[in-house]
Amino acid sequence: MTGRTARGVLVALISVLWLVPTWLVVVNAFTPAEQYTGSPRWWFTSPGLFSNIRAAFDSAEVGQGLLNTLIYAAVGGVVAVLIATLAAFAVTVMPVRRPGLWFWFIFVGTVLPLQTFLSPLFTGYATTGLYDTQYGMVLIYVALTIPFAFFVNRNFMITVPKEISESAQLDGVNWLSMFLRIHLPLARNALLAAFIFQFTWIWNDLLFGITLSLSPNVRPVTATLADLSGNYGTVGPPVVLAGALVASVPTVVLFFVFQRFFVNNLRLTA
């Protein structure tokens, strides 16, 4: 067996292992809740998916959670990418002092474990009235997603020839016009790649969803599903799995639609 064939077989085996949990989620989401015996099923038996989805939407307001998460992911992703792009432009193009120090000052936010922020965030949110509000959720998601978006856009902007900026300066173009008319259009692919990544991260977040929100009209869908499967949940695992299946559809579709574009642009900015 050649090395290429061996690698292909290994990749195929790993792919199958990764697909097993997904297969179990789909199969058991189709199982009617009243027929679930406590042990996972491996094959389709009864078509109970739509009744399970209806039960998830009725029991835990999964639909409201989906709407909340869409708002957080879309608004938070756009605002974070815009702020990160401005910061990347300032660090790479404008003549700021010690650009390396500014880079690490912004990027260090991705190094610390997110759990270290929970206690001061909860105290600060409770004190300022941001706890259990949509404004507070958007604010924390913007703050948390800026560093990686800054990293992606900064790595792209350092590939832009400096002669472009120098020529624009000779023509009398100010920094804001240079950003809006030159660098922002050039960076649109990097912007979209960063937005896709941040949208997916916000959509899948659970930690801050269960820490900083409580009401159904504020909680993201992951926190809603956590309540559905918690100690006070009154529905069976098939209902929870059906809700999780519906919640995962937007990010799966987004990834497959932009897969080639996303991978190529991250490789370009790496």
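The values are calculated or read from the model by the stated rules, or taken from the named source; none is laboratory data. Since we're looking at a predicted model, the values are computed, not measured. Cβ placement follows ideal geometry from the backbone for every residue including glycine, while neighbour counts extend to all protein chains displayed. Note: areas computed on protein heavy atoms with side chains; ligands, DNA, RNA excluded. Shrake-Rupley method; radii C 1.70, N 1.55, O 1.52, S 1.80 Å.
What to note about this one:
- Among residues of segment 196-223, those that are open to solvent by 50 Å² or more (accessible area, probe 1.4 Å) and within 15 Å of VAL252 (Cα to Cα), counted: 3
- The set of residues in segment 72-106 being surrounded by fewer than 15 Cβ atoms within 10 Å (Cβ to Cβ) and either among the small types (Gly, Ala, Ser) or closer than 30 Å to PRO238 by Cβ (or both) consists of GLY100 alone.
To keep it simple, each residue is scored yes or no on (1) open to solvent by less than 60 Å² (accessible area, probe 1.4 Å); (2) at pLDDT below 90; (3) part of a helix (DSSP H, G or I); (4) closer than 27 Å to THR85 by Cβ.
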site: GLN115; (1), (2), (3), (4): no, yes, yes, no
site: LEU118; (1), (2), (3), (4): yes, yes, yes, no
site: LEU121; (1), (2), (3), (4): yes, yes, yes, yes
site: LEU130; (1), (2), (3), (4): yes, yes, no, yes
site: LEU139; (1), (2), (3), (4): no, no, yes, yes
site: VAL142; (1), (2), (3), (4): yes, no, yes, yes
site: THR145; (1), (2), (3), (4): yes, yes, yes, yes
site: PHE148; (1), (2), (3), (4): yes, yes, yes, yes
site: ASN153; (1), (2), (3), (4): yes, yes, yes, yes
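- PHE117 of a type outside the set (S, T, N, Q) and in contact (Cβ under 8 Å) with a residue 24 or more places away in the chain: no
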